[in-house]
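Since every read-out is calculated from the coordinates, none of them should be taken as a lab result. A quick note: this is a predicted structure, and the numbers were derived from the prediction, not measured. Virtual Cβ from ideal backbone geometry, glycine too; neighbours counted across all protein chains shown.
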Ligand code: TTP
Ligand code: MG
């Protein structure tokens with residue numbers, strides 16, 4: 001895995017996005033510190049994906065500024081450096097990609113290729129194979145992307161992210177489609193990436209995952225930051241009810257938090 005560089009922190013100042021004149025996000029201020037694992041939670045339509053896309057430079061803000069500390073170069077060179085430093089995992093990966101799993105994962109190495117020859121090196125192949133192995137995808141490496149289930153596609157996207165590497169990882173609901181075993185596996189991969197010193201910004205509706213992973217949680221509501229703090233400060237019954245409009249039970253133990261919506265309690269017993 002590539003070593004994190006000094007391309008941090010990420011500082012958003014008055015950041016706002018108003019497509020077609022309608023306010024979707026902001027204006028908001030957000031600083032992501034180097035080495036943080038920031039989890040963004042909030043209801044559908046709160047603006048989590050929009051915020052992640054803005055942070056990744058995939059959307060142009062309508063207001064405010066976004067600073068990437070110590071990102072070198074200008075123009076095309078700067079964009080290239082950003083592509084090397086930034087891993088972006090979309091919420092929904094494209095459905096009809098005419099590539100095999102291995103080819104798709106190898107594409108993750110694209111920003112690292114020599115800009116003139118663009119050919120994959122032995123190191124690119126080695127990193128690709130190790131990412132495929134890590135996500136248990138070697139057996140399906142020659143299958144077409146078109147033939148995969150949603151969860152399989154999500155694991156392939158994560159393998160491509162792993163192959164790419166980079167200082168900052170922006171992951172939009174990385175576990176939505178996964179079965180329990182693969183959810184646990186992905187959580188442990190994200191923890192390993194974080195332990196290696198990388199910075200992660202992750203959106204999720206899985207509040208238990210947020211509690212398990214986050215160094216800080218940001219609650220987003222109608223495009224604005226409602227509250228933020230350590231998981232135990234932010235993921236409280238009161239705060240979650242305010243945010244999602246449904247009652248929650250939060251059990252706290254030395255092992256961590258257990259969170260579930262209270263309406264589900266009847267179904268559990
Ligand atoms: P999102 O940012 O997609 O909201 P979200 O990611 O919090 O929601 P979910 O939990 O369902 O993934 O959208 C916020 C609003 O912005 C929503 O009303 C749709 C709108 N929007 C656009 O108009 N254009 C876009 O390209 C996107 C991404 C969102
Ligand atoms: Mg989203």
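Within the stretch 238-263, how many residues are part of a helix (DSSP H, G or I) and farther than 20 Å from residue 224 by Cα?
2
For the stretch 194-222, which positions are surrounded by fewer than 22 Cβ atoms within 10 Å (Cβ to Cβ) and out of contact with any helix residue (DSSP H, G or I) (no Cβ under 7 Å at 6 or more places or on another chain)?
194, 195, 196, 197, 205, 206, 208, 215, 216, 222
If we scan the stretch 171-178, do we find a residue that is on the phi > 0 side of the Ramachandran plot, under 12 Å from the mean Cα position of the chain (by Cα) and not in a helix (DSSP H, G or I)?
Yes, some residue in the stretch 171-178 is on the phi > 0 side of the Ramachandran plot, under 12 Å from the mean Cα position of the chain (by Cα) and not in a helix (DSSP H, G or I).
Just give me the residues in the stretch 29-67 being over 30 Å from residue 192 (Cβ atoms) and either away from ligand 2 (no atom under 16 Å from the Cβ) or assigned to a strand (DSSP E or B) (or both), in sequence order.
Selection gives 29, 60, 61, 62, 63, 64, 65.
Among the residues of the stretch 138-155, are any crowded, with 17+ Cβ neighbours inside 10 Å, within 16 Å of ligand 2 (Cβ to nearest atom) and in contact (Cβ under 8 Å) with a residue 60 or more places away in the chain?
Yes, the stretch 138-155 contains at least one residue that is crowded, with 17+ Cβ neighbours inside 10 Å, within 16 Å of ligand 2 (Cβ to nearest atom) and in contact (Cβ under 8 Å) with a residue 60 or more places away in the chain.
Each row is one residue, and each column tells you yes or no for (1) buried (at least 19 other Cβ atoms within 10 Å of the Cβ); (2) over 22 Å from residue 213 (Cα atoms); (3) touching a strand residue (DSSP E or B) at 6+ places or on another chain (Cβ under 8 Å).
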position	(1), (2), (3)
41	yes, no, yes
51	yes, no, yes
55	yes, no, yes
64	no, yes, yes
78	no, yes, no
82	yes, yes, yes
88	yes, no, yes
96	no, yes, no
100	no, yes, yes
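Taking the stretch 160-188 on its own, how many of its residues are within 16 Å of ligand 1 (Cβ to nearest atom) and either under 19 Å from residue 79 (Cα atoms) or touching a strand residue (DSSP E or B) at 6+ places or on another chain (Cβ under 8 Å) (or both)?
5
Does residue 130 count as without any contact (Cβ under 8 Å) to a residue 60 or more places away in the chain, more than 19 Å from the chain's Cα centre (by Cα) and either outside any helix (DSSP H, G or I) or under 30 Å from residue 236 (Cα atoms) (or both)?
no
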